[in-house]
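The values are calculated or read from the model by the stated rules, or taken from the named source; none is laboratory data. Because the structure is a prediction, the values reported are computed rather than measured. All Cβ positions, glycine included, derive from the backbone under ideal geometry; neighbour counts span all protein chains shown. Surface accessibility is based on the protein's heavy atoms, side chains included, excluding ligands, DNA and RNA. Shrake-Rupley method; radii C 1.70, N 1.55, O 1.52, S 1.80 Å.
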Amino acid sequence: MTLGVGGVSPEQALATLQVMTAGAKPIALEEYRLRIARLQQLMLAQGMAAVFIDAGSSLFYFTGLKWNPSERMVGALVPARGDVHYIAPAFEEGTVRELQVLPGSICVWAEHESPFTLLMAMLAEIEVGAGARVGLSHSLPFGMYERLRQVTGSVQLVDAGALIEQCRRCKSPAELALMQRAKDMTLEVHKAAASILREGITTTEVVRFIEAAHRKVGAPDSTFCIVLFGEDSAFPHGVRQPRPLRDGDMVLIDTGCQLYGYNSDITRSYVFGKPSARQRELWSLEKAAQQAAFDAAVLGSPCEQVDAAARRCLEAGGLGPDYALPGLPHRTGHGIGLDIHEGPYLVRGDRTPLEIGMCFSNEPMICVPGEFGIRLEDHFYMTAEGPRWFTQPSHSLDDPFGLDA
């Protein structure tokens, strides 16, 4: 039996976990002010008079206001110079004010009124006039964009997505600390989940355990959870009716949590029972591809180089080529922060140079249809000395969590 896999009851496994959030701190007000200043600097360089940021992760990133997107417009108007102004439904003003971290005036609209007309009035109030370029966050729904376009007159609406991504893609020490803690929490949950596996257990049982385990270590809940056994593990994001666990199955568990909005996302693959020669061969190849990707992460090099390195490793092992199966059907990795998936990406065509503070998943998954899939996913961040792991990669197929290392 694989070390650390099976043999423990869910109750016993939960009892080994404890809250891990002590000392973790949310992003401070001063950092939000620095983020706004950075955005304003970029706006001036690009000739933008203002940027509107709608509800979602970018609004949270720049202001600390956590608000889920809906059909009602909520957001922040950031002028190239001056203070931030918020827009919200009138009946939500009290809640928005209570949730505010970065201070700013709140302009409100009644249910029968147009928030788009109000936004134009706000622009006029801050002297953004005819011909000015106003940036919109790339997450703004098309329907809202279209209704806003109908009332803009001669104001030019432009995409501010590149500016926003430029601000968000390199994480600060405070962001890295929150991500490190969230990933540490999820890795402990992974260890506990592996220990409760038994023949016949269902994926639903494991998912429920992982949710409880994330709460036990101090997270609000799991942000997502994928559990797959045997041939189902060859489908990266699951199947409609996953089957129970059998002896000799490859196990794939991919899960994460949030800490003050920042995400973890870790995948472990191992065998329940005695691994076959085929499982050993491909698990070792997956680990080698993950390491090849890590080694290719060099400051100043394009993101796509990391993906290319993983694919070369897999192709040398007889898989692929390219996205062909058996092999790697998707990109090698994604950026991570307030969103589980955010730019830039470790994929062909993304030529963004690697910079200090960038954070990525490293998950060059091997999919073998009809047999199994193997995904080893850990994350790294770029430092002045090169890439650094948030969590150490899986130790070995026989001891995936390094319990005997």
Segment 302-326, subset of a type outside the set (A, V, I, L, M, F, W, C) and in contact with a strand residue (DSSP E or B) (Cβ under 7 Å, 6 or more places away or on another chain), residue farthest from residue 373 (Cα to Cα): 302
Which of the helices (runs of 4 or more DSSP H) contained wholly in segment 160-224 include at least 3 residues that are open to solvent by less than 50 Å² (accessible area, probe 1.4 Å) and out of contact with any helix residue (DSSP H, G or I) (no Cβ under 7 Å at 6 or more places or on another chain)? 173-195
Selection status of residue 267, within 15 Å of residue 394 (Cα to Cα) and hydroxyl-bearing (Ser, Thr, Tyr): yes
Quick one: which residue in 130, 174 is out of contact with any Pro (no Cβ under 8 Å at 6 or more places or on another chain), of a type in the set (Gly, Ala, Ser) and modelled with pLDDT of 95 or more? 174
Filter the helices (runs of 4 or more DSSP H) completely within segment 38-126 down to those with at least 1 residues that are open to solvent by 50 Å² or more (accessible area, probe 1.4 Å). 93-99, 115-125
Conditions: (1) of a type in the set (S, T, N, Q); (2) open to solvent by 80 Å² or more (accessible area, probe 1.4 Å); (3) assigned to a helix (DSSP H, G or I). Residue 18 meets all but one. Number of the miss? (3)
Does at least one position in segment 262-272 carry a residue that is of a type in the set (Phe, Trp, Tyr), closer than 16 Å to residue 334 by Cβ, in contact (Cβ under 8 Å) with a residue 24 or more places away in the chain and open to solvent by less than 10 Å² (accessible area, probe 1.4 Å)? yes
Restricting to segment 340-380, count the residues that are crowded, with 19+ Cβ neighbours inside 10 Å, in a loop (DSSP other than H, G, I, E, B) and touching a helix residue (DSSP H, G or I) at 6+ places or on another chain (Cβ under 6 Å). 2
